[in-house]
Amino acid sequence: MDVKIDPSWKNILEDEFGKEYFKSLSEFVRAEYKSGIIYPPPKNIFRAFDLTPFDQVKVVILGQDPYHGPGQANGLCFAVGDGVRLPPSLQNIYKELSADTGVPFEALAKKGDLERWAKQGVLLLNATLTVRARTAGSHQNKGWEEFTDAAIKALSEQREHLVFILWGNYARSKGAHIDRTKHCVIESPHPSPFSAYNGFFGSKPFSKTNAYLKEQGIDPIDWL
């Protein structure tokens with residue numbers, strides 16, 4: 001696997017690329033792409049990092065796995081390509097965003113790709129960056145989690161006044177070591193239909209994020 005990633009992140013994560021786990025991960029991922037259908041397309045594996053350089057990150061949203069259906073995964077957690085039917089979790093994210101900020105749901109529903117957020121400093125990071133088609137979790141425990149943990153650790157230690165949005169127990173556990181004396185951590189249940197009504201709806205993560213950024217003198221996110 002050729003690591004073509006934004007130079008700021010390549011510098012930050014340079015040590016990871018030389019570790020044995022990453023060499024094994026690279027061999028595994030390369031073989032998977034040769035043997036079957038893997039998402040996202042190779043050019044989008046590191047898209048979250050490429051669209052949101054290390055020193056431009058303001059907000060981190062943590063996901064778990066890329067979508068494993070045709071045409072869905074595009075390298076940004078919870079996002080799909082424009083024109084692709086919105087998955088249930090993204091629909092619920094947009095419902096909460098609309099209720100939280102007043103942005104019309106209809107305007108959001110046409111925009112499956114969250115690139116517009118990423119370019120403003122929202123790192124949309126899945127814990128696992130690849131997946132086999134129609135096989136959820138198929139690339140878990142191969143090394144991606146260690147790599148993305150290193151990215152989160154670097155942000156926590158080397159940056160200040162970031163907002164980490166942790167939806168669900170998995171994201172909470174992955175963000176357990178974030179330095180909360182330096183950063184704002186917003187937690188709630190996951191936006192999945194199985195848990196959204198248990199506290200995700202009404203949690204107001206978008207307005208809370210912008211309120212914190214403004215307090216720190218940082219430009220807020222235009223969530224539309």
> Which ones in region 21-37 are open to solvent by 10 Å² or more (accessible area, probe 1.4 Å) and either hydrophobic (A, V, I, L, M, F, W, C) or in contact with a strand residue (DSSP E or B) (Cβ under 8 Å, 6 or more places away or on another chain) (or both)?
Replying inline: F28, A31, E32, G36, I37
> helices (runs of 4 or more DSSP H) wholly in region 128-224 with at least 1 residues that are at pLDDT below 95 - which ones?
Replying inline: none
> Between residues in region 8-31 that are under 17 Å from S138 (Cα atoms) and of a type in the set (A, V, I, L, M) and residues that are assigned to a helix (DSSP H, G or I) and open to solvent by less than 50 Å² (accessible area, probe 1.4 Å), which pairs lie under 8 Å by C-beta distance while being six or more apart or on different chains?
Replying inline: L25/W144; L25/F147
>> Please go through region 162-173 and give me each residue that is open to solvent by 30 Å² or more (accessible area, probe 1.4 Å) and closer than 17 Å to A150 by Cα, ordered by number.
In response: Y170, R172, S173
>> Show the residue pairs meeting these rules: Cβ distance below 6 Å; 6+ apart or different chains; first residue within region 186-215 and of a type in the set (D, E, K, R); second residue open to solvent by less than 80 Å² (accessible area, probe 1.4 Å).
In response: E187/L166; K204/D100; K208/I186; K214/P220
>> Out of everything in region 126-161 that is free of Cβ contacts under 8 Å to residues at least 60 places away in the same chain and more than 22 Å from D219 (Cα to Cα), what residue ends up being least open to solvent (accessible area, probe 1.4 Å)?
In response: T148
>> Among the numbered criteria (1) crowded, with 17+ Cβ neighbours inside 10 Å; (2) within 25 Å of N141 (Cβ to Cβ); (3) among the polar types (S, T, N, Q), which one does S98 miss?
In response: (2)
> Given the conditions (1) among the charged types (D, E, K, R); (2) touching a strand residue (DSSP E or B) at 6+ places or on another chain (Cβ under 9 Å); (3) at positive phi, which single one is not true for D65?
Replying inline: (3)
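The values are calculated or read from the model by the stated rules, or taken from the named source; none is laboratory data. Computed from a prediction, not measured in an experiment: that's the story for all the values here. Note that we place each Cβ from the backbone using ideal geometry, even for glycine, and neighbour counts take in every protein chain shown. Surface accessibility is based on the protein's heavy atoms, side chains included, excluding ligands, DNA and RNA. Shrake-Rupley method; radii C 1.70, N 1.55, O 1.52, S 1.80 Å.
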